[in-house]
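Accompanying notes for the structure given below.
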Amino acid sequence: MKRREFLKLSAILGAGTAAPGFLTGCSPPPLPGAGAVETSPTVCNICFWRCAGTVYQENGEPWKVVGNPEDLHSMGRLCTRGTGGLGSYRDPDRLRQPMLRVEQNGRQTFQPVSWDEALDFIAERMRGIAEQHGEDRLCLFSHGVGGSHFRKLMSGFGSRGYAQPSFAQCRGPRDVGFALTFGEGVGSPDRTDMEHSRCIVLIGSHLGENLHNGQVQTWIQALEKQATVITVDPRFSVAAGKSKHWLPIRPGTDMALLLAWMHVLINEGLYDADYIARYATGFEQLAAHVQPFSPEWAFLETGISAAKIRETAREMAHHAPASLVHPGRHVTWYGDDTQRSRAIAILNALLGSWGRKGGFYIQEKVDLPDYPTPEPPKPQSDWLAVVQKDFPLAPSGITNAIIDASIGPDAFFKGWFVYGTNLPYTIPDSARNLEAAAQSLDLFVVIDTMPAEITGYADVVLPECTYLERIDPIRNSPERNPSLAVSLPAFEPRHETKPAWWMAKQLAERLDLGRYFPYDDYAEVVDWQLQQVGSSLEEMQRLGVKNFPRTTPMYFTPGQSVEFFTESGKIELHSAMLARFGQDPMPVYTPPERPEPGYFHLNYGRAPAHTFGRTINNPQLFELMPENAVWVNPLVATELALNSGDYVRLKNQDGVVSNRVRVRVTERIRPDSVYIVHGFGHTDARQRLAAGRGADDNGLMTRILVDPIMGGTGMRGNFVTLVPEEYTA
Amino acid sequence: MIRYGMVIDTQLCIGCGDCVVACKTENKLPAGLNRDWVVEATRGRYPDLTTEFRSERCNHCSHATCVHTCPTGASHLWKDTNIVLVDAAKCTGCKACIAACPYDARLIMTPDGYIDKCTFCHHRVEKGEDPACVSSCPTHCMHFGILDEPSSAVSRLLASRQQKVLLDETGNQPNVYYLI
Amino acid sequence: MLEELLVTVRSNPKIDPSLGVWSWEIPVYLFMGGMTAGIMLFASLMVLLAREEEFPFVARKLPLWAPIALSVGMLFLFLDLSHKLYVWRFYTSFQPSSPMSWGSWILILVYPVSILLAACTLRQGYPWLGRLVDRFAIGTAILDFSCRHRAVVAQWGLVLAVFLGFYTGILLSAFSARPFWNTGFLAPLFLVSGMSAAAALVLLGTRNEHERHTFTRIDIVLITVKLALIALLLVNLATGSGVQIEASQMVFGGEFAIPFWVFFIIPGVMLPLILEYWELKGRRRAWMFISPVLALYGGYMLRHLTVDLGQTSSYLNYVNAFDPALLDLLR
Ligand SMILES: Nc1nc2c(c(=O)[nH]1)N[C@H]1C(S)=C(S)[C@@H](COP(=O)(O)OP(=O)(O)OC[C@H]3O[C@@H](n4cnc5c(=O)[nH]c(N)nc54)[C@H](O)[C@@H]3O)O[C@H]1N2
Ligand SMILES: Nc1nc2c(c(=O)[nH]1)N[C@H]1C(S)=C(S)[C@@H](COP(=O)(O)OP(=O)(O)OC[C@H]3O[C@@H](n4cnc5c(=O)[nH]c(N)nc54)[C@H](O)[C@@H]3O)O[C@H]1N2
Ligand code: SF4
Ligand code: SF4
Ligand code: SF4
Ligand code: SF4
Ligand code: SF4
Ligand SMILES: [Mo]
């Protein structure tokens, strides 16, 4: 009933305020789709799931984007963010032209410059770096398809330095943990066979809020078929709400639970003995290792009753091998993340789910040849051996390690290209280091579509057009079936924006590296590649997606002998390699730090309406969720006299204070934690919608728990207290 | 009279709001106006909780109080169906229909001033397609069809599952059902 | 515990967070409509009962105010329309189930009758105006015509006045979607209140002691009935369905308590009642104009608060999880 919060008295007394309406007439709008409709294929670039879809225009005006029914990533339906993709094209705050940092009256500012000026400047600085320090001193941070063009440019130039935040801030631990166990990673799209699972265990993974499209759809299909879902999460996530068992675990104690589950499976003989005997090594060691970790022991750490731990373990075993312990995706949590991922991998091995229906399927992709270009030169040095010597098991670049190796006069890296990643909001506690790096580097280039905070550090900002205005490399992701998808420009680039391929090629030509880009238009590359597999650009313009038949089985066949890509050729429950590198060969539990009174675990995650910080300013998605809110348990709210809708600031142990953020009092969070959605709290005023809305989790992450194996940044070691807005204003 | 309806499975809905964005883009609604919205209802005390998500919109009521109250006939039923539409050329903007809808499902189109609302995407239904919200929903938890046809997907779902409608007590006889 | 909230933002102007489609124009319209009904009722009665001499103001001067009040009311109804150029659409159909449609057609009937009623009393009530009108042949024709059919006009006036008075209340009480309006007491309340407003006009306008005295008594009765109807209305709501109970609670506590009691009941109902009672007892003569002014104010406030309360009362209680005002950045 009563929803109006403001006092109506003002309306009674100030009766003259309502202005008379419009006198203008109107004709009813035509029905949607009644005009001239045109379509073109696209691959959504709002997140990295990369769903294929179709862009519609009506009477030359952008209309809508919908999923391509042939597409395995989307199954014909885009997610919330993909459906709102046109907003990224329409965003009035987009970058419009190249900008160069200049000194004006003793103050630095950005000056809009021509493409020639910007590119000449970059090429000259690159040559300078090569002369002074060597060709190998550039590095590329990239999170997005267009980055590949710059990677090509860099390797042609002689630099291989490269990192994606999706490794050290995201799924690195799982890639390494699974590779150490099964010899292979989970890949992207994750090779989870959820539509066939009878039991799904989610460790954190907040599917539903985490809206990786195909993943959510297959999980929902499992739900529809009454699969058992067991969700381990300190928060009553959307997934928890759809689960048979919700285990509201004490934050940071998942390892104890995982070990206890192994304990039950092994001690009760519930594991897949045939599978383990056939495929795994180190079972004896593992069985001995988990003996101390009984459910009773785990209860004291996790707060999950021993009975519940036993019950859920038995349920998993009951449905095995169609029992999937989901590997998670963003897993840089507490610093022991590679080991936790290994524990998840081992648990899956015990259930026999790897390579089995309802567990992890075997992916296939199209054997698509690269466009022929000359071999790039061998780099002067092995940058990994120099920059990441502390993390020899890390197979890819570690963003935070690269930043460290870019500070000071003796730093290894002298020039950065940052493509499509907003580092200060992506890497915890990085603002200070980014500033220091910006001081030391000879060249700092940012390629972005938006005036993201990272552009503030750059010497040169290159404005890229959005995915809706450019042709992107062919999507050839490993999937259930080999499948290709193309993304063609639906609209002309707005303003003076350009696609990444054009920028990279222009730079290459200025550096006499044109031979690496032997085409006038990237469409030639796409067409050539398509021709090699019996298709063409013309055909794909029509189809958007083309699926190919599998050539190998999707699961292990019964009794099949399998050679795993590990050292031993088997699933490694005990990892000799880890032992050799001075790490625990089997996962061990380290209790997490607990918050002092008055402090709460800073928990964070995704909301379905947004992708990190990149969509907050997208007008269509901003409209759905214009800010984040901090979730507070009612017990805490009562104690602090907070109500839903109040504003507070979050303050961490090191005194860092967030932007103001709305309180949401909800039972869905443990009393020892608070929760905010990542991506909000932008500060760059040029993003007019996003700036100042909600709180940023990243800035509050000053206690980083570095993973000793893969070097990633554990982000969940921070505690915050809530400061009511009036005390900070 | 053909009775169209929606059946939405709250067990599968994740509250993602795709239906809202899809409606807005399909129907080209101005910024800040919504024909549909998503409600989250959490019951219980930590840690004994349930959460229900509901995508809501006009219920295309069998007893459409909005249509009854409209003085000009602008609010009307589409063809021989329960789909409630507003004819902008007949609408005076008197807003009686807004006051008459217990679901607050109607809105004032800006800047023109006529009344707008969910149309069940009749422009798509006419072509045999599902409404935009239904066909975008990534969980496939929304279903659209003819309620009085026993073989339709919506009828079969209603026959097989527990369900509820919103504000049954108003007597509006809503035609959007929620499976619970 | 139940936590129910909107996880996508709802911010449809004038509908969220709660209905505010009608601000002050509709209350003015309803007030003027009700007053017109009261005027026509009293005037027609006096004409029919042939008590013109006894109640000269009511019978001769008051009728002119009916078409004026009605015009003002209809002007405000027009001002409220958000699609104004289509106002003529009211008269391209008759929708029997729509009180609004009934209303627009009733107005169409009331309007000429109210003019005829004014016309048939004009020469006596406002001789200078009568002379002005008589300068035109058509004017004379109308005045003559109305005078000739005085009785019929008054009969029609009486019937239509009751319709109009009830209609202003039924318009709102027909909205079953709004718990506060959904009560049978609204229609009689608005009728009585309209009569009270007309009585107040009389008190302001008359120079005749007998007339003043009688109408003070009439108004005291009307205000008392009004008070009783308000009480019944609240009791009716407070013993109704869950949403109605909540709706009635709005005036007993919360945001509407002060407007309702301090700005309506006390100054707009109780005070005029007391003042008029004193007046009957022969006190406070110099302040005479205050009680009818307060009564008129109360009549308007009744509509304003009823319109507001009804729009605020709802079957729904959704709250936005996020600040809907942020969407203004997009508009
Ligand atoms: N809408 C949307 N979807 C996305 C993205 C996006 O930006 N927007 N990003 C995509 C990307 S790149 C990634 S990597 C994924 C990330 O998505 P996930 O891999 O699902 O990330 P998590 O960190 O597992 O999810 C956060 C959840 O972990 C819970 N949690 C917090 N602490 C603990 C703990 O100690 N133990 C346990 N068990 N749970 C805990 C939180 O309560 C929260 O529910 O999402 C993807 N999907
Ligand atoms: N505190 C905290 N930090 C996190 C996470 C967290 O949950 N909390 N999540 C982590 C995870 S899982 C991941 S995967 C990373 C993601 O990290 P990022 O990918 O860095 O995330 P965004 O903040 O979305 O930054 C993307 C940038 O790319 C730009 N961009 C978007 N589209 C294009 C394009 O087409 N071309 C170009 N050139 N630029 C484009 C956007 O404008 C934006 O500036 O963040 C990690 N960091
Ligand atoms: S999951 Fe959503 S945002 Fe990501 S690519 Fe697919 S449609 Fe786009
Ligand atoms: S799109 Fe589907 S799952 Fe998402 S909120 Fe709407 S109904 Fe629910
Ligand atoms: S939900 Fe409201 S607008 Fe829709 S038909 Fe029912 S009463 Fe009319
Ligand atoms: S606003 Fe328009 S549609 Fe609504 S009742 Fe008035 S005329 Fe009918
Ligand atoms: S049926 Fe069409 S108009 Fe109605 S909510 Fe769905 S998309 Fe919007
Ligand atoms: Mo990620």
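List pairs: first in the range B:134-153 and within 14 Å of chain A (Cβ to nearest Cβ), second open to solvent by 20 Å² or more (accessible area, probe 1.4 Å) and aliphatic (A, V, I, L, M), Cβ under 9 Å, 6+ apart or cross-chain?
Qualifying pairs under 9 Å: B:135/A:66; B:136/A:66; B:138/A:75; B:139/A:223; B:140/A:75; B:143/B:153; B:143/B:157.
Do you know which of the residues in the range B:67-79 that are under 16 Å from residue B:172 (Cβ atoms) and more than 7 Å from ligand 6 (Cβ to nearest atom) is surrounded by the fewest Cβ atoms within 10 Å (Cβ to Cβ)?
Looking at residues that are under 16 Å from residue B:172 (Cβ atoms) and more than 7 Å from ligand 6 (Cβ to nearest atom), I get B:77.
State which residue pairs qualify: first residue without any contact (Cβ under 8 Å) to a residue 60 or more places away in the chain and inside the range A:39-50, second residue assigned to a strand (DSSP E or B) and more than 12 Å from ligand 2 (Cβ to nearest atom) in any location, beta carbons under 8 Å apart, and separation of 6 or more residues or different chains.
Cβ pairs passing all conditions: A:39/A:54; A:39/A:55; A:39/A:56; A:39/A:57.
Which one is nearest to residue C:93 (Cα to Cα) among residues in the range B:37-77 that are within 16 Å of ligand 7 (Cβ to nearest atom) and within 8 Å of chain C (Cβ to nearest Cβ)?
Here the answer is B:37.
Please work out if residue B:93 is touching a Lys or Arg at 6+ places or on another chain (Cβ under 8 Å), crowded, with 23+ Cβ neighbours inside 10 Å and without any contact (Cβ under 8 Å) to a residue 40 or more places away in the chain.
It is true that residue B:93 is touching a Lys or Arg at 6+ places or on another chain (Cβ under 8 Å), crowded, with 23+ Cβ neighbours inside 10 Å and without any contact (Cβ under 8 Å) to a residue 40 or more places away in the chain.
Answer yes if at least one residue in the range C:172-181 is among the basic types (Lys, Arg) and open to solvent by less than 10 Å² (accessible area, probe 1.4 Å), and no otherwise. Give the derivation first.
Filtering the range C:172-181 for residues among the basic types (Lys, Arg) gives C:178.
Then keep just the ones that are open to solvent by less than 10 Å² (accessible area, probe 1.4 Å); that gives C:178.
Yes; the residues of the range C:172-181 include at least one that is among the basic types (Lys, Arg) and open to solvent by less than 10 Å² (accessible area, probe 1.4 Å).
Among the numbered conditions (1) crowded, with 24+ Cβ neighbours inside 10 Å; (2) of a type outside the set (Asp, Glu); (3) out of contact with any Ser or Thr (no Cβ under 6 Å at 6 or more places or on another chain), tell me where residue A:351 comes up short.
With respect to (1) crowded, with 24+ Cβ neighbours inside 10 Å; (2) of a type outside the set (Asp, Glu); (3) out of contact with any Ser or Thr (no Cβ under 6 Å at 6 or more places or on another chain), residue A:351 is out only on (3).
Can you find a residue in the range B:64-83 that is within 14 Å of ligand 5 (Cβ to nearest atom), hydroxyl-bearing (Ser, Thr, Tyr) and in a strand (DSSP E or B)?
yes
On the given criteria, is residue A:622 open to solvent by less than 40 Å² (accessible area, probe 1.4 Å), hydrophobic (A, V, I, L, M, F, W, C), within 13 Å of another protein chain (Cβ to nearest Cβ) and within 17 Å of residue A:428 (Cα to Cα)?
When the stated conditions are applied, residue A:622 does not pass them.
Give the residue, chosen from B:103, B:177, that is within 16 Å of ligand 4 (Cβ to nearest atom), within 17 Å of the chain's Cα centre (by Cα) and under 30 Å from residue C:179 (Cβ atoms).
B:177
Return yes or no: is residue A:96 surrounded by 22 or more Cβ atoms within 10 Å (Cβ to Cβ), in a loop (DSSP other than H, G, I, E, B) and away from chain B (no Cβ under 14 Å)?
Here the answer is no, as residue A:96 does not meet what is asked.
Among A:467, A:522, A:419, which is buried (at least 19 other Cβ atoms within 10 Å of the Cβ) and over 21 Å from residue A:47 (Cβ atoms)?
A:522
Which one is farthest from residue A:534 (Cα to Cα) among residues in the range A:471-485 that are touching an Asp or Glu at 6+ places or on another chain (Cβ under 8 Å) and buried (at least 22 other Cβ atoms within 10 Å of the Cβ)?
A:479
For residues in the range A:46-57 being out of contact with any helix residue (DSSP H, G or I) (no Cβ under 8 Å at 6 or more places or on another chain) and open to solvent by 10 Å² or more (accessible area, probe 1.4 Å), which is nearest to ligand 8 (Cβ to nearest atom)?
A:50
For the range B:80-115, name all the residues that are facing chain C (nearest Cβ under 10 Å), within 10 Å of ligand 6 (Cβ to nearest atom) and more than 24 Å from residue C:172 (Cβ to Cβ).
B:87, B:88
Looking only at residues in the range A:662-675 that are in contact with a helix residue (DSSP H, G or I) (Cβ under 9 Å, 6 or more places away or on another chain) and buried (at least 20 other Cβ atoms within 10 Å of the Cβ), which one is farthest from the other protein chains (Cβ to nearest Cβ)?
This residue is A:674.
Please work out if residue C:128 is without any contact (Cβ under 8 Å) to a residue 12 or more places away in the chain, open to solvent by 40 Å² or more (accessible area, probe 1.4 Å) and within 14 Å of chain B (Cβ to nearest Cβ).
The answer is no for residue C:128.
Surrounded by 19 or more Cβ atoms within 10 Å (Cβ to Cβ) and among the small types (Gly, Ala, Ser) - does that describe any residue in the range A:583-603?
no
Hey, any hits in the range A:151-159 for a residue that's at pLDDT 95 or above and either under 19 Å from the mean Cα position of the chain (by Cα) or on the phi > 0 side of the Ramachandran plot (or both)?
Yes, the conditions are met somewhere in the range A:151-159.
So which residues in the range A:392-410 are open to solvent by 10 Å² or more (accessible area, probe 1.4 Å) and farther than 23 Å from residue A:582 by Cα?
Once the filter is applied, which keeps residues that are open to solvent by 10 Å² or more (accessible area, probe 1.4 Å) and farther than 23 Å from residue A:582 by Cα, the range A:392-410 yields A:404, A:405, A:407, A:408, A:409, A:410.
Quickly run through the range A:69-85 and pick out the residues that are buried (at least 24 other Cβ atoms within 10 Å of the Cβ) and either over 17 Å from residue A:473 (Cβ atoms) or within 16 Å of ligand 7 (Cβ to nearest atom) (or both).
A:74, A:77, A:78, A:79, A:80, A:81, A:82, A:83, A:84, A:85
Quick one: which residue in A:561, A:535 is part of a loop (DSSP other than H, G, I, E, B) and either within 16 Å of ligand 7 (Cβ to nearest atom) or surrounded by 14 or more Cβ atoms within 10 Å (Cβ to Cβ) (or both)?
Going through A:561, A:535 in turn, the sole match is A:535.
Which pairs turn up if I take residues in the range C:248-261 that are open to solvent by less than 10 Å² (accessible area, probe 1.4 Å) and look for partners that are aromatic (Phe, Trp, Tyr) with beta carbon separation below 6 Å, at least 6 apart in sequence or on another chain?
So the pair list comes out as C:250/C:256; C:251/C:260.
In contact with a Pro (Cβ under 8 Å, 6 or more places away or on another chain), over 22 Å from residue A:206 (Cβ atoms) and either modelled with pLDDT under 95 or not assigned by TED's automatic domain parsing to the domain that holds residue A:454 (or both), is that true of residue A:660? Before you say what the answer is, go through the steps one by one.
Numbers: in contact with a Pro (Cβ under 8 Å, 6 or more places away or on another chain): no; over 22 Å from residue A:206 (Cβ atoms): yes; either modelled with pLDDT under 95 or not assigned by TED's automatic domain parsing to the domain that holds residue A:454 (or both): yes.
Spelling it out, it is not the case that residue A:660 is in contact with a Pro (Cβ under 8 Å, 6 or more places away or on another chain), over 22 Å from residue A:206 (Cβ atoms) and either modelled with pLDDT under 95 or not assigned by TED's automatic domain parsing to the domain that holds residue A:454 (or both).
One line per residue, one yes/no per condition, for (1) free of Cβ contacts under 8 Å to residues at least 24 places away in the same chain; (2) among the aliphatic types (A, V, I, L, M):
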site	(1), (2)
A:382	yes, no
A:390	no, no
A:423	no, yes
A:432	yes, no
A:435	yes, no
A:442	no, no
A:456	no, no
A:464	no, no
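The values are calculated or read from the model by the stated rules, or taken from the named source; none is laboratory data. Quantities reported herein were computed from a predicted structural model and do not represent experimental measurements. FYI the Cβ positions are ideal-geometry reconstructions off the backbone, even for glycines, and counts take in every protein chain you see. Note: areas computed on protein heavy atoms with side chains; ligands, DNA, RNA excluded. Shrake-Rupley method; radii C 1.70, N 1.55, O 1.52, S 1.80 Å.
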